[in-house]
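Presented below is the structure to which this report refers.
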Amino acid sequence: MANLNNYNANDYEPTVAFDPVPAGKYLACVTDSEMKATKKGDGNYLQLEFTVLEGEYKGRKVWDRLCINHPKGITQKIARGTLSAICRAVGVMQPGDSMELHNLPLIINVKCKKRQDTDEMTNEIKSYSAKNPQQPAAQTSAPQAATGQNNAPQNPANSANPPWQR
């Protein structure tokens, strides 16, 4: 048994199920990131949460998982290529921490697909591109280092290692 501390359901609106956002291109940004172990424990993946920034679906979340360290070389190569596309889209070419990719606008190209385990529809991000293809969304870390200015959040314990090597 669990004590619910005088919880009253009348004080809250019921949670509603969210259908996937329709397929299309959305202005979004990374709002959360976390390195997690794979189910088998033989590698790890970078989970990225994207938040849609404008339009009818403003505030909705879409996720991507990049298997940065994986026993299958092709899986790892695809994940690192996807991370490269994200880095190029936001203009951060050498992130020391995934936090450096947060809150920088980019275009995500979303598709809908059926989950194999439940047959429910879900979102998958097909590709990433710069908000303005003519100009990167942010400066790379090299010019920041040259000027001595780096506004990216720092984690001294991990700053020397890329996010997939923690």
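The values are calculated or read from the model by the stated rules, or taken from the named source; none is laboratory data. On a predicted model such as this, the values are computed, not experimentally measured, just so you know. Neighbour counts run over all protein chains shown; Cβ positions are idealised from the backbone, glycine included. Quick note on the areas: whole protein, heavy atoms, side chains included, nothing else; ligands and nucleic acids left out. Shrake-Rupley method; radii C 1.70, N 1.55, O 1.52, S 1.80 Å.
Some points to look at:
- Which numbered condition G55 misses (of (1) touching a residue at least 12 places away in the same chain (Cβ under 8 Å); (2) at negative phi): (2)
- Residue list for the range 48-94, filter: closer than 16 Å to G24 by Cα and in contact with a Lys or Arg (Cβ under 8 Å, 6 or more places away or on another chain): F50, T51, V52
- Selection from the range 97-120 of residues that are farther than 15 Å from N132 by Cα and either assigned to a strand (DSSP E or B) or at pLDDT 95 or above (or both): D97, S98, M99, E100, L101, H102, N103, V110, K111, C112, K113, K114
- Test: residue in the range 14-21 that is within 29 Å of S129 (Cα to Cα) and of a type in the set (D, E): yes
- Only listed residue being within 27 Å of N132 (Cα to Cα), touching a helix residue (DSSP H, G or I) at 6+ places or on another chain (Cβ under 8 Å) and not basic (K, R), chosen from V62, V30: V30
- Number of the exception - A146 against (1) farther than 19 Å from L27 by Cα; (2) modelled with pLDDT of 90 or more; (3) over 17 Å from the mean Cα position of the chain (by Cα): (2)
- Residue list for the range 113-122, filter: touching a residue at least 40 places away in the same chain (Cβ under 8 Å) and either closer than 16 Å to I86 by Cβ or open to solvent by 50 Å² or more (accessible area, probe 1.4 Å) (or both): M121
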